Amino acid sequence: MSTVVTRHKGRQIGWAFVAPFGVLFAVVFVLPILYAAYLSLFQDRLVGGMSFVGLANYTKLLQDPQFWNGVLRVFGFTLIQVPIMLALALLLALALDSGRLHASKFMRIAIFLPYAVPAIVSTLMWGFMLGVRYGLFRSINESLGTDLNPFQPGTTLISIGVMVTWAFTGYNMLIFYSVLRAVPQELYEAAAIDGAGQFRVAWSIKLPALRGSLGITVIFSIIGTFQIFNEPQILPSMVAGSGITTFYTPNLYAYNLAFTGSQQGYAAALALVMAAITIAIAYAVQLRGLKPAREQ
Amino acid sequence: MTTPVSSPVRPSPHGRQQSFTDPRRNGVLTFLTALFTLYCLLPLIWLLINATKSQADFVSSFGFSFGDGFALFDNIKELFAYDDGIFARWFLNTVLYVGVGAITSTFLAALGGYGLAKHSFTGKRAFLFVVLGSISVPGIALAIPQFMLFAKLGLTDTPWAVLIPSFINPFGLYLMWVFAAEAVPNGLLDAAKIDGAGEFRTFFQIAMPLLVPATVTVLLFSFVSIWNNYFLPLIMLKDPDWYPLTIGINQWNSMSSRAGNGELLQNLVITASLVTIIPLIAAFIALQRYWQSGLSLGAVKE
């Protein structure tokens, strides 16, 4: 602990700095979760209105095949999409950092740009581009006489994977890239003197340097894919027969329960259970590592 | 291509890599990276091309070729005229949500991050545990409880319903904490106090200037996440007069997709999409010096 921190032990001035954040944090995070936990103990009945049901919403949820259908879908999606995306991001970062590319600055920025595009715009672009009504696949099917459709029940999830990978690979790539730029030059010089080749340098210096950032990108990617909502919510208005159900992902299910089915208590239970599952996975992966060096 | 390979440790002014490793450009590696770059740019190229088409051209022509006429300016004119200029209203709403939200959340994060890094107080560990834990609460799982609470308080369908949740950025607080611990020397703070500066004057006059790189990064990423926010305004707002761009575009798109009686607005949807992403892309390109260095903040821990 630093000298200033020690000297101020017993003083509470630090609270004055964190209080504005803390008060709003309570309004935005703590109170809504407590209120949702309270609501999740009630059911909206046709006769009699809201009635207290204890944990019935939770036991119902755990036996709800539609909920588990969505959970398994995002779980499978995460298991496949996150490793592909992070492997691509890692390879791109190593390639861009190697100094062996032409136009590397242009490519670095271009690969990152999709991150700045809102999900609604990205879904629109990909929906039009891949769709069979206006897009590339209409042209392909017309000229080849085929009947390919990226948005049918068997392929929609792959198309969503293409969109999500498009949006977030560049962001992860840049995190890896900026970590690689921070590797002290002396390490490379020492390796060069020892006669280490490019692959040896990548394996023994670069990959170990990326370990901390890999943990963080894994956590954020898991959190992101577990709450996938925008694409499956927007796509059905663009393409017919995509196989996207009202319970396609857990968040879409919660949304439909709360806003079209008006089952608020049940939706609250679902949102809380999903938050709990995500936090459990994130902690299991690494969240404890989020601490600055000076504080440890 | 130009630097010789013979002296691997020769210092070079062009970059650290060239000074000790084989600097030859590699065609295969460039080609493979360029393929991925093409994947990233293709939808944006598609958007640019199709924003120049009239509705009739959009329906009839190939996606990656231009239409019969160049209708970009007509589309932009129509975009801002349609439905009494509601698009301009959505644009201004978005600017309001982003401006107030990003500035407030960044300031609160800087204040809190500095407090955490440079002060010790009772309950700090518990505070950190809760706030850092909240980073892993999925935004959408949180938005539904937020909606329920705000509905109870009568805040839904007002700008506050979108603004208040955007004021809190736990990951921003984390970045500021990490950055303040490294970038603000304790000696400087001690000196300011010896000179009689109060706690808050020390923060504003000594610490804030040192926190600028992290501030720009947090500001820019808040800017993007609020500008692109979809789920929160979707559930919080019913009145189109308060829509941000993302919800407005979605409304036009689902209007034109409704078979039969829906009006076909695809040229406007596409032009609106282009107008929506231009400010973000411009901000990222203009500020790249800041966010590229800022990104490594959260990732380098050792």
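If I ask for residues that are over 25 Å from the mean Cα position of the chain (by Cα) and more than 10 Å from chain A (Cβ to nearest Cβ), which ones from the stretch B:36-60 would you list?
B:T52, B:K53, B:S54, B:Q55, B:A56, B:D57
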Before we move on, is A:Q227 modelled with pLDDT of 85 or more and within 18 Å of A:Y283 (Cβ to Cβ)? yes
Which numbered condition in (1) more than 18 Å from the chain's Cα centre (by Cα); (2) assigned to a loop (DSSP other than H, G, I, E, B); (3) at negative phi is the only one that B:G154 fails? (3)
Can you find, within the stretch A:60-84, the residue that is farthest from A:I223 (Cα to Cα) among those that are within 14 Å of chain B (Cβ to nearest Cβ) and either in contact with a Phe, Trp or Tyr (Cβ under 6 Å, 6 or more places away or on another chain) or not in a helix (DSSP H, G or I) (or both)? A:L61
Inspect the stretch B:133-142 for any residue being over 27 Å from A:A16 (Cα atoms), touching a helix residue (DSSP H, G or I) at 6+ places or on another chain (Cβ under 9 Å) and not in a helix (DSSP H, G or I) and give the result as yes or no. yes
If I filter the stretch B:168-175 for residues that are closer than 23 Å to A:L270 by Cβ, in a loop (DSSP other than H, G, I, E, B) and more than 8 Å from chain A (Cβ to nearest Cβ), do I get at least one hit? no
Being at the interface with chain A (Cβ under 10 Å from one of its Cβ atoms), modelled with pLDDT under 95 and closer than 28 Å to A:M163 by Cβ is true for just one of B:G27, B:G15, B:G63. Which residue is that? B:G63
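Between A:Q152, A:Q81, which is surrounded by fewer than 17 Cβ atoms within 10 Å (Cβ to Cβ), in contact (Cβ under 8 Å) with a residue 12 or more places away in the chain, assigned by TED's automatic domain parsing to the domain that holds A:I281 and under 30 Å from A:S237 (Cα atoms)?
Values: A:Q81 fails: surrounded by fewer than 17 Cβ atoms within 10 Å (Cβ to Cβ).
That would be A:Q152, the only listed residue that is surrounded by fewer than 17 Cβ atoms within 10 Å (Cβ to Cβ), in contact (Cβ under 8 Å) with a residue 12 or more places away in the chain, assigned by TED's automatic domain parsing to the domain that holds A:I281 and under 30 Å from A:S237 (Cα atoms).
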Scan of the stretch B:118-148 for residues that are within 7 Å of chain A (Cβ to nearest Cβ) and under 21 Å from A:F229 (Cα atoms), ordered by number: B:S134, B:S136, B:V137, B:P138, B:G139, B:I140, B:A141, B:L142, B:I144, B:P145, B:Q146, B:M148
Looking at (1) within 19 Å of A:N69 (Cβ to Cβ); (2) hydroxyl-bearing (S, T, Y); (3) surrounded by 20 or more Cβ atoms within 10 Å (Cβ to Cβ), can you tell me which one A:S221 breaks? (1)
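Based on this model, can you work out whether A:V183 counts as free of Cβ contacts under 8 Å to residues at least 40 places away in the same chain and of a type in the set (A, V, I, L, M, F, W, C)? Break it down stepwise before answering.
Numbers: free of Cβ contacts under 8 Å to residues at least 40 places away in the same chain: yes; of a type in the set (A, V, I, L, M, F, W, C): yes.
Here the answer is yes, as A:V183 does meet what is asked.
Considering the stretch A:37-59 alone, what residues qualify as being touching a residue at least 12 places away in the same chain (Cβ under 8 Å) and not in a loop (DSSP other than H, G, I, E, B)?
Looking only at the stretch A:37-59, we keep the residues that are touching a residue at least 12 places away in the same chain (Cβ under 8 Å), and these are A:37, A:39-44, A:50, A:53-58.
Of everything in the stretch A:37-59, those that are touching a residue at least 12 places away in the same chain (Cβ under 8 Å) and not in a loop (DSSP other than H, G, I, E, B) turn out to be A:A37, A:L39, A:F42, A:Q43, A:D44, A:M50, A:A56, A:N57, A:Y58.
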In the stretch B:84-117, which residue that is among the aromatic types (F, W, Y) and either within 12 Å of chain A (Cβ to nearest Cβ) or buried (at least 21 other Cβ atoms within 10 Å of the Cβ) (or both) is nearest to B:T246 (Cα to Cα)? B:W90
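Which residues, counting only those in the stretch B:179-205, are aliphatic (A, V, I, L, M) and either free of Cβ contacts under 8 Å to residues at least 12 places away in the same chain or in contact with an Asp or Glu (Cβ under 9 Å, 6 or more places away or on another chain) (or both)? Even if it seems obvious, please write down each step before you answer.
Of the stretch B:179-205, the ones aliphatic (A, V, I, L, M) are B:180-181, B:183-184, B:188-189, B:191-192, B:194, B:197.
Those that are aliphatic (A, V, I, L, M) and either free of Cβ contacts under 8 Å to residues at least 12 places away in the same chain or in contact with an Asp or Glu (Cβ under 9 Å, 6 or more places away or on another chain) (or both): B:A181, B:A191, B:I194, B:A197.
The values are calculated or read from the model by the stated rules, or taken from the named source; none is laboratory data. Model, not experiment: these values are computed from the prediction. As a convention, Cβ positions derive from the backbone with ideal geometry for all residues, glycine included, and neighbour counts pool all protein chains shown.
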